[in-house]
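The values are calculated or read from the model by the stated rules, or taken from the named source; none is laboratory data. In this text, all values refer to a predicted model and were calculated from it rather than measured experimentally. Please note: Cβ atoms are built from the backbone with ideal geometry, for glycine as well, and neighbour counts cover all protein chains shown. Areas reflect the complete protein model, heavy atoms only, side chains present, ligands, DNA and RNA absent. Shrake-Rupley method; radii C 1.70, N 1.55, O 1.52, S 1.80 Å.
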Amino acid sequence: GLRVLEALAASGLRSIRFAREVPGLGAIVACDRSAAAVTAMARNVAINGVGGLVTPHLGDARMLMYQSKADRAPFDVIDLDPYGSPSPFLDAAVQAVSEGGLLCVTCTDMGVMAGNSPETCYSKYGAVSLKGKFCHEMALRIVLHSLDLRANCYQRFVVPLLSLSADFYIRVFVRVFTGQAKVKASASKQALVFHCVGCGSHHLQRLGRATTHGSSLKFGAASGPPVGPTCEFCHHRHQLGGPVWAEPLHDPEFVGGVLGALERSPGRFTTEPRLRGVLSVISEELGDVPLYYTLDGLSSTIRSNTPSLLQLRSALLHAGFRVSLSHACKNAVKTDAPPAVLWDIMRCWAKLHPVKLERLPDTSPAARILSVEPTLQASFALRDDANPSSRKRGLKRFPENPEAFWGPKARAKAG
Ligand SMILES: [Zn+2]
């Protein structure tokens, strides 16, 4: 059976659920450094009759993980769900997980990761966060960057299975593998983010370059930057963020497998409608397009009224590009169209729905963008394929919070 570690187990609730609900587990270690928590945990384990599977452990989870590596007794699954940032535990976790094993990592320090304190984000995750419209997806990419970089120190690398942004936290599920040759590819999987403070246009700059020579890959320095000193659309300056993970956030096969498992046991989970909705949106996300714009972000930048999601998506499809939603943001427009095309589409929209520019200074992003004639003739005629399947089927994709004062409570007192 699989060996599982819940590194910051508190009451042991999750470990008990693992024992009772997940088939095929061999042993679960539920670790906490609070003696009071471990006493309560032992009681809860006994009450639930899972003492044969769950072992409460009093101690620092890092020491337990380092010792498990020294003893060559790695864990197949390590679950890190601390209050706040998991960053102090990542170095031990990437070493203590078995070959191809699973790390489940939760971050609740969303203020830090979504751009409120980029300098704190750097000290914890080795990446500068930005306050862009795309900040929730960027937070996922920051923690994936951090995990891969720490794994790289030990000739290991991560492969994301599923990366979730939900309400007040994010949670990523990655497998960890070893391979000196494959670790060489990691630099070219990370990217800096240039983000215009005026219009929100963004560009990614990979940290390394991988080129194929026959059957082998050669690695070298990337060339750049992809932008000039000021934004070509609105002439404002760029902020620099990252580095972030620039490869896919999810493994489509894994996501499809989870959706299939939900189909096969209807009614098993009370959260099934939401699980199905979120996973369906995830399965539709463009995997090869990092970050996104938002519908309201695009229209408020040029001070126009807002096209419907279907109108904008249709225009992008008519222009020959791909477009998807993102589970991380309700109004996301994830597209492989470059910003030049997006702004041309918005210029065409403004011709159909004129914008009052008289009161705007000539230096405003709206005035600058709309002073240029579009080179593309956008069509907003609705296309049937502009409506994503998850939306057509009326799935519960972005639920409201269930009750007042719902969300994380104050940090527990040490005890
Ligand atoms: Zn700009």
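For S299, indicate whether it is among the small types (G, A, S) and buried (at least 19 other Cβ atoms within 10 Å of the Cβ).
Working: among the small types (G, A, S): yes; buried (at least 19 other Cβ atoms within 10 Å of the Cβ): yes.
Against the criterion (among the small types (G, A, S) and buried (at least 19 other Cβ atoms within 10 Å of the Cβ)), S299 qualifies.
Can you tell me which condition D344 does not meet? The list is (1) among the acidic types (D, E); (2) within 16 Å of the ligand (Cβ to nearest atom); (3) farther than 18 Å from C231 by Cα, and all the others hold.
(3)
I need every pair where a residue in the stretch 222-242 that is under 24 Å from G208 (Cα atoms) has its Cβ under 6 Å from the Cβ of a residue that is more than 14 Å from the ligand (Cβ to nearest atom) and open to solvent by 60 Å² or more (accessible area, probe 1.4 Å), sequence separation at least 6 or different chains.
Within 6 Å, the pairs are A222/R206; A222/R209.
Which condition number in (1) open to solvent by 40 Å² or more (accessible area, probe 1.4 Å); (2) away from the ligand (no atom under 16 Å from the Cβ); (3) among the polar types (S, T, N, Q); (4) not assigned by TED's automatic domain parsing to the domain that holds N331 is the one that Q239 fails?
Only one criterion in (1) open to solvent by 40 Å² or more (accessible area, probe 1.4 Å); (2) away from the ligand (no atom under 16 Å from the Cβ); (3) among the polar types (S, T, N, Q); (4) not assigned by TED's automatic domain parsing to the domain that holds N331 is unmet by Q239, namely (2).
In the stretch 326-341, which residue that is open to solvent by 10 Å² or more (accessible area, probe 1.4 Å) and touching a residue at least 60 places away in the same chain (Cβ under 8 Å) is nearest to the ligand (Cβ to nearest atom)?
P339
Looking only at the stretch 15-32, which residues are buried (at least 18 other Cβ atoms within 10 Å of the Cβ) and either under 11 Å from H57 (Cβ atoms) or of a type in the set (D, E, K, R) (or both)? Walk me through it before giving the result.
First, the residues of the stretch 15-32 that are buried (at least 18 other Cβ atoms within 10 Å of the Cβ): 15-16, 18-19, 25, 28-32.
Hits for the stretch 15-32 are S15, I28, V29, A30, C31, D32.
On the given criteria, is E253 open to solvent by 40 Å² or more (accessible area, probe 1.4 Å), within 16 Å of the ligand (Cβ to nearest atom) and among the acidic types (D, E)? Give the derivation first.
Numbers: open to solvent by 40 Å² or more (accessible area, probe 1.4 Å): yes; within 16 Å of the ligand (Cβ to nearest atom): no; among the acidic types (D, E): yes.
Spelling it out, it is not the case that E253 is open to solvent by 40 Å² or more (accessible area, probe 1.4 Å), within 16 Å of the ligand (Cβ to nearest atom) and among the acidic types (D, E).
Within the stretch 343-355, does at least one residue satisfy the condition of being among the β-branched types (V, I, T), outside the structural domain of A139 (by TED's automatic domain parsing), open to solvent by less than 20 Å² (accessible area, probe 1.4 Å) and outside any loop (DSSP other than H, G, I, E, B)? Please lay out each step first, then the result.
Quick first cut of the stretch 343-355, residues among the β-branched types (V, I, T) only: 345, 355.
After this cut, where a residue has to be outside the structural domain of A139 (by TED's automatic domain parsing) as well, the list is 345, 355.
Okay, now just the ones that are also open to solvent by less than 20 Å² (accessible area, probe 1.4 Å), so 345.
Of the ones still in play, those that are also outside any loop (DSSP other than H, G, I, E, B) are 345.
Yes, the conditions are met somewhere in the stretch 343-355.
For the stretch 301-321, does any single residue satisfy the condition of being in a strand (DSSP E or B), of a type in the set (K, R) and closer than 19 Å to A386 by Cα?
If we filter the stretch 301-321 for residues that are in a strand (DSSP E or B), which is where we start, we get none.
So far as the stretch 301-321 goes, no, none of its residues is in a strand (DSSP E or B), of a type in the set (K, R) and closer than 19 Å to A386 by Cα.
Give me the residue from the stretch 143-167 that is out of contact with any strand residue (DSSP E or B) (no Cβ under 7 Å at 6 or more places or on another chain), within 15 Å of H327 (Cα to Cα) and open to solvent by less than 30 Å² (accessible area, probe 1.4 Å) and, out of that set, modelled with the lowest pLDDT.
Ranking the qualifying residues of the stretch 143-167, first place goes to A166.
Suppose we filter the stretch 198-225 for residues that are open to solvent by less than 60 Å² (accessible area, probe 1.4 Å) and within 16 Å of the ligand (Cβ to nearest atom); how many remain?
Keep residues of the stretch 198-225 that are open to solvent by less than 60 Å² (accessible area, probe 1.4 Å), which gives 198-205, 208, 210-211, 216, 220, 222, 224.
In the following step, the residues that additionally are within 16 Å of the ligand (Cβ to nearest atom) were identified as 198-204.
The number of residues fulfilling the criteria is 7.
So V355 fits all but one of (1) touching a Lys or Arg at 6+ places or on another chain (Cβ under 7 Å); (2) touching a residue at least 60 places away in the same chain (Cβ under 8 Å); what number is the exception?
For V355, the failing item is (2).
I need a count of the residues in the stretch 168-197 that are more than 16 Å from the ligand (Cβ to nearest atom), touching a strand residue (DSSP E or B) at 6+ places or on another chain (Cβ under 9 Å) and part of a loop (DSSP other than H, G, I, E, B). Steps first, please.
Of the stretch 168-197, the ones more than 16 Å from the ligand (Cβ to nearest atom) are 168-192.
Next, from what is left, pick out any that are touching a strand residue (DSSP E or B) at 6+ places or on another chain (Cβ under 9 Å): 169-179, 181-192.
Next, only the ones that are part of a loop (DSSP other than H, G, I, E, B) stay: 179, 184-186.
The number of residues fulfilling the criteria is 4.
If I go through the stretch 201-229 residue by residue, how many of them are touching a strand residue (DSSP E or B) at 6+ places or on another chain (Cβ under 7 Å) and either closer than 30 Å to L370 by Cβ or part of a loop (DSSP other than H, G, I, E, B) (or both)? Spell out the reasoning first.
Of the stretch 201-229, the ones touching a strand residue (DSSP E or B) at 6+ places or on another chain (Cβ under 7 Å) are 202-211, 217-222, 224-227.
Applying the additional criterion that residues be either closer than 30 Å to L370 by Cβ or part of a loop (DSSP other than H, G, I, E, B) (or both) yields 202-205, 207, 222, 224-227.
So the answer is 10.
Does C153 meet the test of being of a type outside the set (F, W, Y) and either over 25 Å from L286 (Cβ atoms) or away from the ligand (no atom under 16 Å from the Cβ) (or both)? Can you show your working first?
Details: of a type outside the set (F, W, Y): yes; either over 25 Å from L286 (Cβ atoms) or away from the ligand (no atom under 16 Å from the Cβ) (or both): yes.
Yes, satisfied.
Can you name the condition, by its number, that S314 falls short on among (1) within 30 Å of R274 (Cα to Cα); (2) touching a residue at least 60 places away in the same chain (Cβ under 8 Å); (3) surrounded by fewer than 21 Cβ atoms within 10 Å (Cβ to Cβ); (4) touching a Lys or Arg at 6+ places or on another chain (Cβ under 9 Å)?
(3)
How many residues are outside any loop (DSSP other than H, G, I, E, B), small (G, A, S) and surrounded by fewer than 18 Cβ atoms within 10 Å (Cβ to Cβ) when one looks only at the stretch 50-97?
To start, the set of residues in the stretch 50-97 that are outside any loop (DSSP other than H, G, I, E, B) comprises 54-58, 61-70, 75-80, 87-97.
In the following step, the residues that additionally are small (G, A, S) were identified as 61, 68, 70, 87, 92-93, 96.
Retained after the next criterion (residues that are surrounded by fewer than 18 Cβ atoms within 10 Å (Cβ to Cβ)): 70.
Qualifying residue count for the region: 1.
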